[in-house]
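To keep things clear, I will list the structure first and then write my remarks on it.
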Amino acid sequence: MVKKTLCSAALLAVLMLLFAGLASAQDRSQIKPTATVGEMVLVRPSPGMLKSPFRLLQKSGPLQPAYCSPCLFYGGDGDPSSPNANGLWDNNSADFGISGVIYTPFKVEKTTKCGGACKWAVTGIGGNIEMFPSPPSLLGQDWSIVTGVADGGTPSSTTVLCSGTDSAPVMTDTGRLFFGFFEEWNVAAHVSGCPALKPSKKTTYYQTNPVDTGNGVFQLAYESNVSDWPTAPNAFGPPEPGVLSFFYSPAFGFATFTNANTLGFFPAFSTDLEGNLTK
């Protein structure tokens with residue numbers, strides 16, 4: 001027991017060296033947020049790193065995650081042990097005065113149900129967010145479904161199908177810990193007023209799900225990438241279109257839609273849509 005405790009303490013000491021500033025800073029004045037988690041990390045994971053003991057925290061389950069039910073789409077899990085593990089700022093932070101939004105794509109495909117004419121009735125929009133400190137303190141979560149996202153565009157150039165803010169989104173600890181500090185939570189907003197989404201080969205829909213933080217509370221929040229892409233562990237529903245996510249954040253210098261994959265390894269994100277099939 002003593003040996004195990006000493007090993008855990010030694011591992012924690014090593015992990016404390018992985019981050020610049022986070023180990024000692026607990027307030028906004030000592031932290032300068034970066035667009036990606038990777039920009040803060042001094043040492044990147046190598047295959048197998050952080051699998052023990054933190055990998056033991058990861059929950060196993062069916063293809064449809066418990067936090068996406070009933071599930072229409074899930075982009076897949078992130079992997080803390082992957083050298084490609086990363087997160088991109090997805091946070092409207094009043095405390096830092098920094099807003100950043102990720103636009104992640106999804107497709108609605110035809111099925112054999114409903115006579116091949118099923119539409120998607122979306123009731124929830126969520127994403128897996130790496131947050132520090134944890135448990136997180138959120139004011140809410142903004143959400144939207146849009147079309148017309150393209151490189152060089154802006155939110156005003158999109159067609160908004162529905163949008164809103166949930167002041168009490170559902171938060172579920174996924175059991176994954178990134179870089180020893182960032183605990184991953186699925187944050188899912190309740191959605192209403194969205195039109196039923198039709199299957200289409202031509203139309204690519206985009207969802208947004210940034211969390212809202214502030215009121216003087218120190219909170220960093222980054223959406224997890226699917227670090228094993230093109231494999232997407234536990235993905236559900238139509239595959240997430242690869243290398244088609246966009247980032248918008250004038251505060252970070254991205255005043256137009258910028259392909260997220262140019263900021264690091266961000267070909268896909270760990271997002272989800274809840275809902276039902278309808279005619």
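The values are calculated or read from the model by the stated rules, or taken from the named source; none is laboratory data. This is a predicted model, so every value here is computed, not measured. Methodologically, a virtual Cβ is constructed for each residue, glycine included, from the backbone with ideal geometry; neighbour enumeration extends over all protein chains shown.
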The lone exception for Tyr206 - which of (1) surrounded by fewer than 24 Cβ atoms within 10 Å (Cβ to Cβ); (2) within 26 Å of Ser81 (Cβ to Cβ); (3) aromatic (Phe, Trp, Tyr) it fails: (2)
Lone unmet requirement of (1) farther than 21 Å from Thr123 by Cβ; (2) part of a strand (DSSP E or B); (3) touching a Pro at 6+ places or on another chain (Cβ under 9 Å) for Pro230: (2)
Residue, surrounded by the most Cβ atoms within 10 Å (Cβ to Cβ), within the range 152-176, restricted to residues that are closer than 24 Å to Ala85 by Cα and touching a residue at least 40 places away in the same chain (Cβ under 8 Å): Arg176
Residues of the range 166-178 satisfying the condition of being of a type in the set (A, V, I, L, M, F, W, C), over 11 Å from Met131 (Cα atoms) and either within 13 Å of the chain's Cα centre (by Cα) or modelled with pLDDT under 95 (or both): Met171
Residues (over 20 Å from Leu197 (Cα atoms) and outside any strand (DSSP E or B)) located in the range 92-112: Ala94, Asp95, Phe96, Gly97
Residues (surrounded by fewer than 22 Cβ atoms within 10 Å (Cβ to Cβ) and in contact with a Pro (Cβ under 8 Å, 6 or more places away or on another chain)) located in the range 124-145: Gly140, Asp142
Among the residues listed as Ser144, Ser157, the single one being within 18 Å of Gly75 (Cβ to Cβ) and at pLDDT 95 or above: Ser144
